[in-house]
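A.B. asks: The structure that follows is given in the form of structure tokens.
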Amino acid sequence: MEDLLLYIDRWFWLGVGAIGFAILFNVPRRTILTIFLLGAFGGTLKFIILALGGSIIMGSFFGAVLVGFLSILAAHYKHAPPFVLAIPAVIPMVPGAFAYRAMLGVIHLTEKVDHDTFLKLLEETTDNGLKAFFVLAALSLGVSAPMLIFRRESVKNMKVRIKS
Amino acid sequence: MNLTGEEQVNELSKILLEVGSLLMSSGANSARIRITINRIAGAYGFDVDLLITHRALMLTIYDEEQDYFYSRLKRTSPHSANFRMVSGISRMSWKIVEENWDFDQVEQELARLKSLPHYPRWVVLVMVSAAGAAFCRVFGGVYLELLVTFVATFIGLFVRQEAVKKSFNPYLAIFFAAFVSSLIAGAALKLQIGENPEYAFATSVLYLIPGIPLINSLSDLLDGNIMNGIVRGVNGLMISFSIALGMIGAIVIYGI
């Protein structure tokens, strides 16, 4: 029960994060609710996978795949290209914390530090930097996964197949 | 309209380049720009070859019947995300195909899309600050930290908007914003306001993360537009370093 409440809490705040960026990117007003739902469910899936023992990279990938598929379904009803819906929705999953720790690490490395601290810093920085890169790669691969699988240049062509 | 072949090509190339440069500066990836331009050109029965770069677009239209080439180059305007434009152009491109729009209609629609309002400034400020607080919450912060992040994001974003308005270098504008945000969140960390003020410090600059350049970079690389992918990636990296420099400024001042 405690867990469920925690997930509902996160679900809500992930959605808020997504629509914050949606507004910053000036999306059409009709898509805001969709982006909230996409961001909330994608991010929640990431946390569920993390809780099941998956890595952050795997979690982000499947979260982004979910967002990618849902964005294609929603694109038909909201008359907006899927990536307009998908990019703000995956932004809460962008590895900001890893990227920022990696950048701070790089800057600390240039300061005067002794050998042992340097090695420890280098280890942390590499770890954070690699995680940031691979999470980002997983996100953009996940968002484009549906297009890569269906091999269509536009979702408009897929409409016929879904309805027939 | 009774245009001769050459006038038609001239007019079409203007429209296509306008569409392409609007898409590029609004945050579309290279594949989408190519697909959209080919779709519009195809609707008028022309073949188009395109060179897409970050700062300029080049296109050649080829009229097979008259064996006539036309080339043109256009600079893209400074980049700022505007998905309403991307969405509007995408809808327009389908209407051109399905409803056989003529050039006048397309130009009117482009003018209409350009005049569409952005969200009011206070809505943007409040919603982005709420998003910052949301990240802090997802990290595990509680209400006092959420408030700190909200205030830090609000003032930081305000500073960035002002700096962009005064046409500072875009990276410098991001540096200012990151510096101000981390100064505010860093004060909370220094004075130990709340249980985990370091959450607020870490999330106070997340509104600046270059999500669109980095995601577009990877999707361009995936599509084989290696050059554009690298350019966008380096742009994202520059933004990330501007953020880090701003944070370092605050860290040095507070000694944390």
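FYI, it's all coordinate maths here, none of it is from the lab. Treat the numbers as computed from the prediction; the structure is a model and nothing was measured. Heads up, the Cβs are rebuilt from the backbone with ideal geometry, glycines too, and the neighbour counts pull from every protein chain shown.
A.B. asks: Given 37 °C and 0.692 mPa s, compute D for chain A with the Stokes-Einstein relation, Rh being the Kirkwood radius over Cα pairs; round to the nearest whole µm²/s. Intermediate results must be reported in sequence, preceding the final value.
C.D. replies: Working: Rh = 17.1 Å.
The estimated diffusion coefficient comes to 192 µm²/s.
A.B. asks: Return B:S167, B:S30 ranked ascending by Cβ neighbour count within 10 Å, so the fewest neighbours appear first.
C.D. replies: Result, fewest neighbours first: B:S167, B:S30.
A.B. asks: From Cα pairs below 8 angstrom and at least 6 apart in sequence, can you work out the relative contact order of chain B, rounded to a whole percent?
C.D. replies: 17 percent
A.B. asks: Divide by every residue of chain A the summed helix terms, -39500 (n - 2.57) for each DSSP H run of at least 4, and state the resulting mean residue ellipticity at 222 nm, rounded to the nearest 500 deg cm²/dmol.
C.D. replies: -27500 deg cm²/dmol
A.B. asks: Ignore the peptide's own chain and count Cβ atoms of other chains within 10 Å of each Cβ in B:236-248; give me the average, rounded. Can you show the working numbers first?
C.D. replies: Details: counts 2, 2, 0, 0, 6, 3, 1, 4, 9, 2, 0, 4, 5.
Mean shielding by partner chains, rounded to a whole number: 3.
A.B. asks: Between the range B:116-183 and the range B:1-67, what is the C-alpha centre distance in whole Å?
C.D. replies: 37 Å
A.B. asks: Could I ask something else about it? Rank the residues B:D63, B:D47 as a footprinting-exposure proxy: fewest other Cβ atoms within 10 Å of their Cβ go first.
C.D. replies: Ascending number of Cβ neighbours within 10 Å: B:D47, B:D63.
A.B. asks: Taking every Cα atom in the range B:1-127, find the radius of gyration and the maximum pairwise distance Dmax, and write them in Å.
C.D. replies: Values for the range B:1-127 (Cα only, Rg and Dmax): 15.4, 57 Å.
A.B. asks: Each residue of the range B:152-158 in order: what ³J(HN,Hα) in whole Hz does its phi give by Karplus 6.51 cos²θ - 1.76 cosθ + 1.60, θ = phi - 60°, with x for Gly and Pro?
C.D. replies: 4, 5, 4, 5, x, 5, 4
A.B. asks: Per residue of the range B:18-33, what does 6.51 cos²θ - 1.76 cosθ + 1.60 with θ = phi - 60° give for ³J(HN,Hα)? Whole Hz please, x for Gly and Pro, Karplus curve as stated.
C.D. replies: 4, 4, x, 6, 5, 5, 4, 7, 8, x, 8, 7, 5, 4, 5, 4
A.B. asks: Evaluate the distance, in nm, between pseudo-label points positioned 7 Å from the Cα of B:Q66 and of B:L237 along their respective Cα→Cβ axes.
C.D. replies: 4.7 nm
A.B. asks: Are there GluC sites (Glu not before Pro) in the range A:66-154 that DSSP puts in a loop and that have at most 11 other Cβ atoms within 10 Å, and which ones?
C.D. replies: A:E111
A.B. asks: 5 Å is the cut-off here: which amide hydrogens, built 1.01 Å from N in the peptide plane, fall below it relative to B:R72, excluding neighbours closer than 5 in sequence?
C.D. replies: Under 5 Å from the amide H of B:R72 lie the amide H atoms of B:L59, each far enough along the sequence or on another chain.
A.B. asks: Apply the Karplus parameterisation 6.51 cos²θ - 1.76 cosθ + 1.60, with θ equal to phi minus 60°, to every residue of the range A:15-31 and state each ³J(HN,Hα) to the nearest whole Hz, in sequence, with x for glycine and proline.
C.D. replies: Result, rounded to whole Hz: x, 4, x, 5, 6, x, 6, 4, 5, 4, 8, 6, 6, x, 4, 5, 9.
A.B. asks: Return the average number of partner chain Cβ atoms within 10 angstrom of each residue Cβ along peptide A:95-103. Could the numbers behind the result be given before it?
C.D. replies: Details: counts 2, 12, 7, 0, 9, 12, 2, 2, 9.
That works out to 6 on average.
A.B. asks: Going by how many other Cβ atoms sit within 10 Å of their own, how do A:M147, B:M227, B:M24 line up, fewest first?
C.D. replies: Working: A:M147 21, B:M227 15, B:M24 24.
Fewest-to-most Cβ neighbours within 10 Å comes out as B:M227, A:M147, B:M24.
A.B. asks: For the range B:126-217, take every pair of Cα atoms, bin their distances at 5 Å starting from 0, and report each bin as a whole percent.
C.D. replies: 3, 17, 25, 22, 17, 10, 5, 1
A.B. asks: When only C-alpha pairs under 8 Å and at least 6 residues apart count, what is the relative contact order of the range B:5-115, in percent?
C.D. replies: Relative contact order for the range B:5-115 comes out at 30 percent.
A.B. asks: Please give the average number of partner chain Cβ atoms lying within 10 Å of the Cβ of each residue in B:124-131, rounded to a whole number.
C.D. replies: Per residue, the number of nearby Cβ atoms from other chains is 6 on average.
A.B. asks: With the alpha-carbon atoms as the only input, what is the per residue convex hull volume for the range B:191-256 in Å³?
C.D. replies: 79 Å³
A.B. asks: Taking R0 as 56 Å, what's the FRET efficiency between A:L5 and A:K112 from their Cβ-Cβ distance, rounded to 0.05? Provide the component values of the computation, followed by the final result.
C.D. replies: Numbers: r = 48 Å, r/R0 = 0.85.
Plugging the Cβ-Cβ distance into 1/(1 + (r/R0)^6) gives 0.70.
A.B. asks: Percent relative contact order of chain A, based on C-alpha pairs within less than 8 angstrom and at least six residues apart?
C.D. replies: The value is 25 percent.
A.B. asks: For n ≥ 4 DSSP H runs only, could you compute -39500 (n - 2.57) per run for chain B, divide by its residues and tell me the 222 nm figure to the nearest 500?
C.D. replies: Counting only the DSSP helices, I get -23500 deg cm²/dmol.
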